[in-house]
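Working notes for the structure below.
The values are calculated or read from the model by the stated rules, or taken from the named source; none is laboratory data. No experiment lies behind these values; they were computed from the predicted model shown. Every residue, glycine as well, gets a Cβ built from its backbone with ideal geometry; the counts of neighbours run over all protein chains shown.
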Amino acid sequence: MRLLIIGSMDGQIGAASKIAIDRGAKVSHTPDILSALTLLRSGKGAELLMIDAILDIENLCKSLEEERISAPVVAYGIGTNTEAAVKAIKAGAKEYIPLPPESDLIAAVLEAVCEESHTLIYTDSSMKKMIQLTDQIAPSDASILITGESGTGKEVLARYIHRKSSRKDKAFISLNCAAIPENLLESELFGHEKGSFTGAITRRIGKFEEANGGTLLLDEISELHPRLQAKLLRAIQEREIDRVGGNKPIKIDIRLLATSNRNLEEEVKKGTFREDLLFRLNVLNLKLPSLRERPGDLKILAEHFIEKYSKINNLKTKPLTLEALEGMKSYKWPGNVRELENTMHRAVLLGKKEEIGTESVIQQDGSPLGLNTTINNVHSTKMSEINLKEEQEGNNLVGRTVAQVEKDLILDTLNHCLGNRTHAAKILGISIRTLRNKLKQYNDDGLEVETSNSSFRAA
């Protein structure tokens, strides 16, 4: 992940930078907003911007929007300054990080932006066969379509392919097509010329040019607007692009990888995805098995995540009990490896014994894994009532709705994290955006929700 720090690098932000580097981030620095924008326009992009809270955050966010640059902004400042935090978030920052930095908080922020780790861990025969095929085709320059359910690790596999390719020493650029509004996506992909639209005060390099000579990953390509699908098809066929507002084709040399958790053949039948683009992308197809289809990897993955989050939180690494592991084996894991990672993170933080048992290995609503409940999984749009006799702590849940239990879990976790939304969202296994929306809903319902020590309330 690429991190750009805007402001002074003196003192404690330097420590935060070192923590980020230790977590695998590539850190750049500019002293002010103007030089940061110049850097972003030049093609030296960033997945996350950290800016000193004393600078004009509102101006930065406005400039990013006007120039169609998509990158989340996080503010930082000395100490838990409630006033500064509120001001920064009202100005457009997604989060506020107090200094001196906490390693687990920095890690949580980085992982909230770049959710996937970049390590392939497997022993199951289904994964071994898939990796053997991957190793065979990775050295080529052929386009590859990586498919699989959400949370299976498609971006992880894409990075693995890049590392095994002849382009491994060149750039690996990733763009999530589902995370960027359509009106910004064209500029993100292809760049733009000065004056091409209101706010385009100078030329900007897009992801295709950033990735020139290396690999470009288009994550969740099924979400790409049909108009941009046509432009992407031309770029693949002709090996050239046109910046927005440009009249001169630009030659590119990239290896294109794409991911999708949808069946693109079905999307073609529906008319939402171009058949000719699918043919161009699908030179080779790698389908990642779900966690249910690779049961031999459950234990080794769980132990990996336990070790990872024990280290991050400066805790002793504890073994899983056999009872907990059996409960995990009976669970369907609809969120796949990502859900397993979040579950193990919660277990590490909640575990109070010498071993991690069933009382700590729980779903995000607080219910134990593997029980036959009427709870729909995280991807369900409609939640039903639960019918559990009691929580691990002895609280009776009969007659309570999932929404009620969910609210209590969210508020208790937020209180445990002293109001820090980033850390709370990571423990809960949900995005910061989802948490923010939940808190807004509770406020709209008349409940005053505190989100920072004693006075910082949800927006």
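Taking the condition at pLDDT below 90 and outside the structural domain of residue 409 (by TED's automatic domain parsing), does residue 393 pass? Yes, satisfied. Among the conditions (1) at negative phi; (2) modelled with pLDDT of 70 or more; (3) in a loop (DSSP other than H, G, I, E, B); (4) out of contact with any Leu (no Cβ under 7 Å at 6 or more places or on another chain), the only one that residue 414 does not satisfy is (3).
Of the residues that make up segment 64-77, is at least one farther than 25 Å from residue 179 by Cα, crowded, with 20+ Cβ neighbours inside 10 Å and out of contact with any Ser or Thr (no Cβ under 6 Å at 6 or more places or on another chain)?
Start the filter on segment 64-77 by keeping residues that are farther than 25 Å from residue 179 by Cα, which leaves 77.
If we keep only those that are crowded, with 20+ Cβ neighbours inside 10 Å as well, we get 77.
Filter once more, keeping what is out of contact with any Ser or Thr (no Cβ under 6 Å at 6 or more places or on another chain): 77.
Yes, segment 64-77 contains a residue that is farther than 25 Å from residue 179 by Cα, crowded, with 20+ Cβ neighbours inside 10 Å and out of contact with any Ser or Thr (no Cβ under 6 Å at 6 or more places or on another chain).
Scanning segment 233-258 for residues being more than 19 Å from residue 69 (Cα to Cα) and either of a type outside the set (S, T, N, Q) or at pLDDT 95 or above (or both) gives a total of 18. Applying the selection to segment 134-163, what residues are within 23 Å of residue 290 (Cα to Cα), in a loop (DSSP other than H, G, I, E, B) and over 15 Å from the mean Cα position of the chain (by Cα)? The answer is 138, 143, 148, 149. Are any of the residues in segment 328-341 at pLDDT below 80, touching a Pro at 6+ places or on another chain (Cβ under 8 Å) and within 29 Å of residue 148 (Cα to Cα)? No: segment 328-341 contains no residue that is at pLDDT below 80, touching a Pro at 6+ places or on another chain (Cβ under 8 Å) and within 29 Å of residue 148 (Cα to Cα). Checked against (1) assigned to a helix (DSSP H, G or I); (2) touching a residue at least 60 places away in the same chain (Cβ under 8 Å), residue 35 passes all but condition (2).
The condition of being charged (D, E, K, R), within 25 Å of residue 248 (Cα to Cα) and modelled with pLDDT of 90 or more holds for residue 186.
Residue by residue, here is whether (1) of a type in the set (Asp, Glu); (2) over 23 Å from the mean Cα position of the chain (by Cα) holds:
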| position | (1), (2) |
| --- | --- |
| 246 | no, yes |
| 251 | no, yes |
| 266 | yes, yes |
| 276 | yes, yes |
| 320 | no, yes |
| 331 | no, yes |
| 336 | no, no |
| 346 | no, no |
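Counting only helices (runs of 4 or more DSSP H) wholly contained in segment 183-287, the ones carrying 3 or more residues that are surrounded by fewer than 16 Cβ atoms within 10 Å (Cβ to Cβ) and at negative phi occupy 226-238, 264-270, 275-281. Of 54, 131, all but one fail to be modelled with pLDDT of 85 or more and part of a loop (DSSP other than H, G, I, E, B); the exception is 54.
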